[in-house]
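The structure under discussion appears below in the form of structure tokens.
The values are calculated or read from the model by the stated rules, or taken from the named source; none is laboratory data. Please read these numbers as outputs of a predicted model, since none were measured by experiment. Methodologically, a virtual Cβ is constructed for each residue, glycine included, from the backbone with ideal geometry; neighbour enumeration extends over all protein chains shown.
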Amino acid sequence: MAEVFLSLGSNTARYRHMTIALDALAEQFGPLLLSRVYESESVGFRGSLFLNMAVGLSTELALADLAAYMRAIELNNGRQVGALKFSPRTLDIDILSYDDVCGCHAGIELPRDEILYNAFVLQPLSEIAPDRVHPLDGRNYRDLWLAYESDQKLWPVPFRWQGRNISVD
């Protein structure tokens, strides 16, 4: 079983798309490790606020099959093929890490470089995997978050999923 960490984000019908993504992930992979849900400003373009979170799961799927499954969830929820990198998203699911795999595999660069650069990725990841070591940097995600310096702003927001509060009230 591979240990996988994902980043989920949406700034279009945000609560609906995040709920749909979590439902699909739980149905396919079983119990999920969930960070709080954060609201953040768009990075790289002017757009409405995003919801972001990190999710941990275990899978027997090969990396290529996992990537195809995540892409199908995105496309089934209105993700536009060929959309600009910095543009609104109905749903964005990024594979941050797959065990300790490093380098380009199945067309995916791992670990995803956004871990080190975007608060909306690193802070939620540090919540669910604080002691997990970044395979290239060598520091754990808690220490990376504590050392993080940027003007990116994010804040936890209320979010209920499957009858339970997974974020702040």
Where a residue in the stretch 117-129 is closer than 13 Å to L8 by Cβ and in contact (Cβ under 8 Å) with a residue 40 or more places away in the chain and its partner, wherever it lies, is aliphatic (A, V, I, L, M) and in a helix (DSSP H, G or I), with Cβ under 9 Å and at least six apart: V121/I115; L125/I115; L125/L144
Close pairs from the stretch 64-75: first assigned to a helix (DSSP H, G or I), partner buried (at least 16 other Cβ atoms within 10 Å of the Cβ) and among the aromatic types (F, W, Y), Cβ under 8 Å, at least 6 apart: L66/Y98
The stretch 10-36 residues that are on the phi > 0 side of the Ramachandran plot, paired with ones that are part of a strand (DSSP E or B) and surrounded by 16 or more Cβ atoms within 10 Å (Cβ to Cβ) (beta carbon under 9 Å, 6 or more apart): G30/L57
Considering residues of the stretch 15-61 that are of a type in the set (G, A, S) and in a loop (DSSP other than H, G, I, E, B) only, the residue surrounded by the most Cβ atoms within 10 Å (Cβ to Cβ): S35
Residue in the stretch 141-156 that is closer than 23 Å to M1 by Cβ, modelled with pLDDT of 95 or more and in a loop (DSSP other than H, G, I, E, B) present: no
Matching residues in the stretch 102-134 - criterion: being among the hydrophobic types (A, V, I, L, M, F, W, C), modelled with pLDDT of 95 or more and either part of a loop (DSSP other than H, G, I, E, B) or loosely packed, with under 14 Cβ neighbours inside 10 Å (or both): C102, C104, A129
Hey, L144 touching a Cys at 6+ places or on another chain (Cβ under 7 Å), crowded, with 17+ Cβ neighbours inside 10 Å and farther than 15 Å from L34 by Cα or not: no
Test result for S97, of a type in the set (S, T, Y), closer than 30 Å to A147 by Cα, touching a Gly at 6+ places or on another chain (Cβ under 9 Å) and at pLDDT 90 or above: no
Matching residues in the stretch 28-54 - criterion: being touching a strand residue (DSSP E or B) at 6+ places or on another chain (Cβ under 9 Å), at pLDDT below 95 and hydrophobic (A, V, I, L, M, F, W, C): V43, L49, F50
From the options D94, D137, D99, residue that is loosely packed, with under 15 Cβ neighbours inside 10 Å, touching a residue at least 40 places away in the same chain (Cβ under 8 Å) and of a type in the set (D, E): D99
Test set (1) within 16 Å of L8 (Cβ to Cβ); (2) of a type in the set (S, T, N, Q); (3) surrounded by fewer than 16 Cβ atoms within 10 Å (Cβ to Cβ); (4) in contact with a Phe, Trp or Tyr (Cβ under 8 Å, 6 or more places away or on another chain) - S167 fails condition number: (3)
Filter pass, L61 being without any contact (Cβ under 8 Å) to a residue 40 or more places away in the chain and either in contact with a helix residue (DSSP H, G or I) (Cβ under 8 Å, 6 or more places away or on another chain) or polar (S, T, N, Q) (or both): no
